[in-house]
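Student: My questions will all concern the structure given below.
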Amino acid sequence: PTMAHSKALLVLENFIGGKFVPCSSYIDSYNPSTGDVYCRVPDSGKEEVEAAVKAAKDAFPVWSSKSPLERSQILNKLADLIEHDLEAFAQAESKDQGKTITFARTVDIPRAVHNFRFFATSILHHVTECTEMPTMGCVHYTSRAPVGVAGLISPWNLPLYLLTWKIAPAIACGNTVVAKPSEMTSVTAWMMCKLLEKAGVPPGVVNVVFGTGPKAGEALVCHPDVPLLSFTGSTLTAQRITEKSAPHCKRLSLELGGKNPAIIFDDADLSQCIPTTVRSSFANQGEICLCTSRIFVQRGIYSEFLKRFVAEAKKWKTGNPSDPTTDVGALISKEHLEKVRNYVKKAQAEGARVLCGEGVDPLALPPGNQKGYFMLPTVIAEVKDESCCMQEEIFGPVTCVVAFDTEEEVIRRANGVKYGLAATVWSGNVGRVHRVAHRLQSGLVWTNCWLVRDLNLPFGGMKASGIGREGARDSYEFFTEVKTITIKH
């Protein structure tokens, strides 16, 4: 870009040791709804990560010796400050990520605020264990201490929401952090950095280094002074993180993809099931690891379900994300849109039927959004279980609907993928609901609802969907080191 052009662009800076630090090179970040470059993001590497880790190490002794109550008050203050700027954060998230302003306002930013409030509270309520051995004259008890510098790598689909879901428990437990958001969606993390000092977060407790996975991410993963890593993203990247961190024996928490089934029995309440399943398929453009992408419908209601589901999906409005009436915004990038479209083409080539959306219905976009990365909610029927569309995470507004006959068969088919993150079951039969929930290989099972979350409870997946869980107790256990102490009296 010319100098005149680059002046108008937003230029982000790394946040290290409580200060914004310029970087020697930058990468372009696009506005997905227009296809234009709108921001420059630092292209950080080893040097920047080194500085951030040093700042975090230096801040650790003071921060880790604060009482949980002191840390709690600071987390609450930060939550208040983000909430005060909710509209500005929502606008920025929508522009940077392509999601609708409505989704950013009602889901992303409120949840980021809640993440800080939740861990500010939960940190005050943990207890340690104690056992007695009267015959030996001994008492044993446990104590928990923060681990050190936590490396946090978050994805582009729910940028501030998932970054704060890591930062909040990490610092609540007394660790200091070096975070690397996705280079495609860095703006809200940078905005949050501006509020840290005002919230009372000491310099060096939260450091944010912007850049790509192969450069900045790898430097963080390989750094010998970062004993624990929390990552949310693709299974492929997680394999690389596991390999690179193995020589250092790092502690890992990995939240990866999903190929989540919805199982709809013939006694399901379709008036509830259909709108919720449309939402679980297409919310946030289908760019949520918990989205439904395989819908198994019992044969007796299959054709009725399909007809009503497609009619409902067609009502979802795709277009300018800043229009509050839009339901589906832009996908994250040109490359990602291409990838998602290719799945639909493959399904068609295999003989599946595309019932609505991509390549079937015309996509009418407002004048300013013609070059944006948009795609209509797409429903595919008659896909074979072994098709890549039924096996791989598409991560876009695409869902596959197939018929099944028996409970036994649908459990086998639902479990027949490498992932195991979330599942939904729709049925009015309480015995069946429990039976099926127990047999699904899935870290989360929702029945007759979707995405109802209690942050107290474990969140995470089985199989290729990840390692470890996050939640009040699980995050506390991950971000602290436990010690057993025995006293003979």
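Student: Where the accessible area of the chain is counted over protein heavy atoms with a 1.4 Å probe, how much of it, in %, is carbon and sulfur?
Tutor: Using a 1.4 Å probe with all protein chains present, the chain comes out at 56 percent carbon and sulfur.
Student: Hey, another quick one. Going down the table (LYS46/LYS259; LYS244/LYS463; LYS314/LYS371), which pairs top 29 Å between alpha carbons?
Tutor: Working: LYS46/LYS259 35 Å; LYS244/LYS463 20 Å; LYS314/LYS371 22 Å.
Checking Cα-Cα distances, LYS46/LYS259 exceed 29 Å.
Student: So if we plug the beta-carbon distance of ASP269 and ASP323 into 1/(1 + (r/R0)^6) with R0 = 30 Å, what FRET efficiency do we get, rounded to 0.05?
Tutor: Numbers: r = 32 Å, r/R0 = 1.06.
For ASP269 and ASP323, the calculated efficiency is 0.40.
Student: Related question: May I ask you to derive the FRET efficiency for LEU124 and GLU87 from their Cβ-Cβ distance with R0 = 22 Å, giving the value to the nearest 0.05? List each step's numbers first, then the result.
Tutor: Values: r = 30 Å, r/R0 = 1.38.
Once rounded, the FRET efficiency stands at 0.15.
Student: So how far, in whole Å, is the C-alpha centre of the stretch 114-154 from the one of the stretch 290-353?
Tutor: Rounded to whole Å, the Cα centres lie 44 Å apart.
Student: Let me ask you something else. Rounded to the nearest 0.05, what FRET efficiency do CYS138 and ASP454 give with R0 = 41 Å and r taken as the Cβ-Cβ distance? Could you check? Intermediate values should be presented prior to the final figure.
Tutor: Details: r = 38 Å, r/R0 = 0.93.
It comes out at approximately 0.60.
Student: How about LYS180: which aspartates and glutamates have a C-alpha closer than 15 Å to its C-alpha, ignoring those fewer than 8 places off in the same chain?
Tutor: Of all the aspartates and glutamates, those that pass the test against LYS180 - Cα under 15 Å, at least 8 places apart if same chain - are GLU13, ASP43, GLU47, GLU48, GLU50, GLU218.
Student: For LYS307, list the lysines whose Cα falls under 19 Å from its own Cα; do not include residues on the same chain fewer than 8 positions away.
Tutor: Hits, sequence-local ones excluded: LYS315, LYS317.
Student: Taking a cut-off of 18 Å between Cα atoms, list the lysines near LYS77, but don't count ones fewer than 8 places away on the same chain.
Tutor: In chain and number order, the partners are LYS66, LYS166, LYS194, LYS198.
Student: Suppose only helical runs count, i.e. DSSP H with n ≥ 4. What mean residue ellipticity at 222 nm does that imply for the chain under -39500 (n - 2.57) per run, divided by all residues and rounded to the nearest 500 deg cm²/dmol? If you can, show how the numbers build up before the last one.
Tutor: Details: 16 runs with 184 residues, N = 489.
Computed mean residue ellipticity for the chain: -11500 deg cm²/dmol.
Student: Using 0.36 nm per residue of separation minus the Cα-Cα distance, give me the extension gain between THR406 and ALA364 in nm, one decimal.
Tutor: Result: 11.0 nm gained on full extension.
Student: Moving on. Could you order peptides 333-342, 144-153 by the average number of other Cβ atoms within 10 Å of their residues, highest first? Intermediate values should be presented prior to the final figure.
Tutor: Details: 333-342: 15.8, 144-153: 22.6.
The most tightly packed comes first, giving 144-153, 333-342.
Student: Of the listed peptides 213-220, 133-140, what is their order by residue-averaged count of other C-beta atoms within 10 Å, with the highest listed first? Intermediate values should be presented prior to the final figure.
Tutor: On the way: 213-220: 21.9, 133-140: 10.8.
By packing density, highest mean first, the sequence is 213-220, 133-140.
Student: If you don't mind, another one. According to the Kirkwood expression over distinct Cα-Cα pairs, how big is the hydrodynamic radius of the stretch 261-447, in Å?
Tutor: Values: mean 1/r = 0.0598 Å⁻¹.
So the Kirkwood estimate lands at 16.7 Å.
The values are calculated or read from the model by the stated rules, or taken from the named source; none is laboratory data. Bear in mind that the values here come from a model prediction, so they are computed numbers and not experimental data. Neighbour counts are summed over all protein chains in view; Cβ atoms, including those assigned to glycine, are modelled from backbone coordinates with ideal geometry. The area values use the complete protein model at the heavy-atom level, side chains included, leaving out ligands, DNA and RNA. Shrake-Rupley method; radii C 1.70, N 1.55, O 1.52, S 1.80 Å.
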